């Protein structure tokens, strides 16, 4: 069946967390329908200024998320703009010491590329949609420009010189790509520019797009009419018509291409280069002082480094200068950036996981960043953007924000203060003290605030990709947290909080294969305000439990349906009632504390997609809400070739994503009812005091169930994925974790909405 092939669409899995996102967002192909988001954003402004719907930004102000793009002001080397993967555009006037947002909250927050127009230094151009080939990179909504360096933006396709506008938003309907990773202007004719773009989904346009004043923006069809990846495009500043592009249409046509007539004809550059079929993502950089010198940083087809190449003759011949000296570099489809010094063609820095520098054109290379602080040359790993200035300043955009070197790369400092772009997978708030909260983050480990430091600052307590965290309901210092692959750690009252001080209580009885079934595994802890050791639960394909504070674990279930557990709920009203949700969409229940389990309780009404959250009513274990991942439409192109109905497309009926049971899962009804946008939903939370309102969250922010359906309560929240929700009983505060704009809090005390 066609659907089977669609659901298995290939995607780059550069890290284990890719599976976590792919299972949530991929149906029938990789991208959720971006039009659903745009339709919502178009009318979101009416909710933004409702009195009482004012969320407070809670940080982290000191730990930033992934930066995908950098651009420096041509007249001021300390004026810098950073584009974040899912947190908009940010600006600094002091070399990165302090940042402030330079992007509308209600615009698409997923940034792919930035540029300043060469003839207009106040004109900042931003292309949306992350192009790092990561499944946790979200699509964009076209190209925007600002004539006052980020204070005001226009979301129209534009001619940078005449300001003639075209279709708003540059969406798929107008043939414009949704993941634009490169913007390049032609120095010889500033009316011309190019966009390089990629796609996870061949239904979406992607590739090299060229603009000229006669024909407007057009896709380059030299590599066919189907979508392909264009990872880099650069114009030669002294040879009119010469363009270099790194193209990946798959197969032998992959690699480096050159046009000498402004993009009408193209030739593949091959002399002393590997065969095209070996090339993956490739970055290009011309030496500004000697632009006939071209450098290429090429990934292989298996995610590692293929090589570093240089041409001194405008691409006619090439030489490999890496020499196989970087065996530890991997994930080059994700980390891939290279830059050349403005005045020295032999001074080159490239980035993958680490940064490397040569001062002699590649004869010798030196690794210039350390893996861990407090080394003087520490910079966060995974580099996506580089700028080298003539005065020795070097900027790197990476998975931890922005790193800066003032001496050409010898030493580094992280400068991301105020850049609130952390990407949270999950969240928990200490029931005993609402000022203590945190969660697992993308490549920034597990973060907690309220344990010292300034307001808004968080402390990293575990490394890696932080996963689930749960606080003891009776003690905010008694915490279980984890990082990828079910590595679990415990903190007890009075112990140091810093990284390395937590006790490793990873389930030793769980073999490595089972621990590796899910990168971001879920945890749960039994409710109850009485002090004492509480049961803690962890999910692989089976449910595991510790009753002795993590000293030992034992399996409490079979492998439910063969897929990994994606949600665990222990009822507050009756802790012997436990629900488990699975990746395949299964819902299983125990009424005796995990002693025995039901078969799958998910009815035919619930889509067979990953269960993201299960929540029981705080006063009744019988009342249960589940949220479902994925997006798409039931019956879309699911016709067998031999079916009598082949050729007739079934009607597209949107999925529902929120379901409710009043009888402990025996029967279910649709709470969504088509009133919620057709996007992924990650979280649900009940108010734990009257009127017990229900909140759900996902790609379109936070929603509240009301008598006649649903109401957005996103208010002043940025348009960003909300990955988790927690309601705090004592303070009546709803806390939202986002994937790209940190953590936000809403005080519900006295709020009359939804009554």
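Quick notes
- Residue check for residue 623: in a strand (DSSP E or B), surrounded by 21 or more Cβ atoms within 10 Å (Cβ to Cβ) and in contact with a strand residue (DSSP E or B) (Cβ under 8 Å, 6 or more places away or on another chain): no
- Every test in (1) at pLDDT 95 or above; (2) closer than 22 Å to residue 463 by Cα; (3) out of contact with any strand residue (DSSP E or B) (no Cβ under 8 Å at 6 or more places or on another chain) is passed by residue 522 save one, and that test is (3).
- Looking across the stretch 291-303, not a single residue is closer than 20 Å to residue 259 by Cβ and either in contact with a helix residue (DSSP H, G or I) (Cβ under 8 Å, 6 or more places away or on another chain) or in a helix (DSSP H, G or I) (or both).
- Taking (1) more than 20 Å from residue 197 (Cα to Cα); (2) touching a strand residue (DSSP E or B) at 6+ places or on another chain (Cβ under 8 Å); (3) modelled with pLDDT of 90 or more in turn, residue 165 satisfies each apart from (3).
- Condition check for residue 20 on (1) buried (at least 23 other Cβ atoms within 10 Å of the Cβ); (2) modelled with pLDDT of 95 or more; (3) closer than 30 Å to residue 330 by Cα: one failure, at (2).
A quick yes/no check of all residues on (1) touching a residue at least 40 places away in the same chain (Cβ under 8 Å); (2) surrounded by 16 or more Cβ atoms within 10 Å (Cβ to Cβ); (3) out of contact with any strand residue (DSSP E or B) (no Cβ under 7 Å at 6 or more places or on another chain):
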site	(1), (2), (3)
559	no, yes, yes
576	no, no, yes
583	yes, yes, no
591	yes, yes, yes
603	yes, no, yes
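- Lone qualifier among 95, 87 - being under 13 Å from the mean Cα position of the chain (by Cα) and in a loop (DSSP other than H, G, I, E, B): 87
- Of the set (1) at pLDDT 95 or above; (2) surrounded by fewer than 24 Cβ atoms within 10 Å (Cβ to Cβ), all apply to residue 443 but (1).
- Test for residue 40: is it touching a helix residue (DSSP H, G or I) at 6+ places or on another chain (Cβ under 7 Å), at pLDDT below 95 and not in a strand (DSSP E or B): no
- Within the stretch 520-535, the set of residues being over 31 Å from the mean Cα position of the chain (by Cα) and either crowded, with 21+ Cβ neighbours inside 10 Å or not in a loop (DSSP other than H, G, I, E, B) (or both) comprises just one member, 534.
- Tally, over the stretch 57-82, of residues that are assigned to a strand (DSSP E or B), in contact with a strand residue (DSSP E or B) (Cβ under 8 Å, 6 or more places away or on another chain) and under 20 Å from residue 405 (Cβ atoms): 12
- Scanning the stretch 412-437 for residues that are closer than 24 Å to residue 100 by Cβ and not in a loop (DSSP other than H, G, I, E, B) turns up 413, 414, 423, 424.
- When the stretch 466-515 is filtered for residues that are closer than 21 Å to residue 136 by Cβ and without any contact (Cβ under 8 Å) to a residue 40 or more places away in the chain, only 487 remains.
- Test: residue in the stretch 635-649 that is modelled with pLDDT of 60 or more, touching a strand residue (DSSP E or B) at 6+ places or on another chain (Cβ under 8 Å) and either at positive phi or assigned to a strand (DSSP E or B) (or both): no
- Residue list for the stretch 361-406, restricted to those being under 21 Å from residue 322 (Cα atoms) and over 28 Å from the mean Cα position of the chain (by Cα): 361, 362, 363, 364, 365, 366
- Here residue 467 fits the description: buried (at least 20 other Cβ atoms within 10 Å of the Cβ), modelled with pLDDT under 95 and assigned to a strand (DSSP E or B).
The values are calculated or read from the model by the stated rules, or taken from the named source; none is laboratory data. Keep in mind that this is a model prediction, so the values were computed, not measured. Positions of Cβ are backbone-derived with ideal geometry, glycine not excepted, and every protein chain shown enters the neighbour counts.
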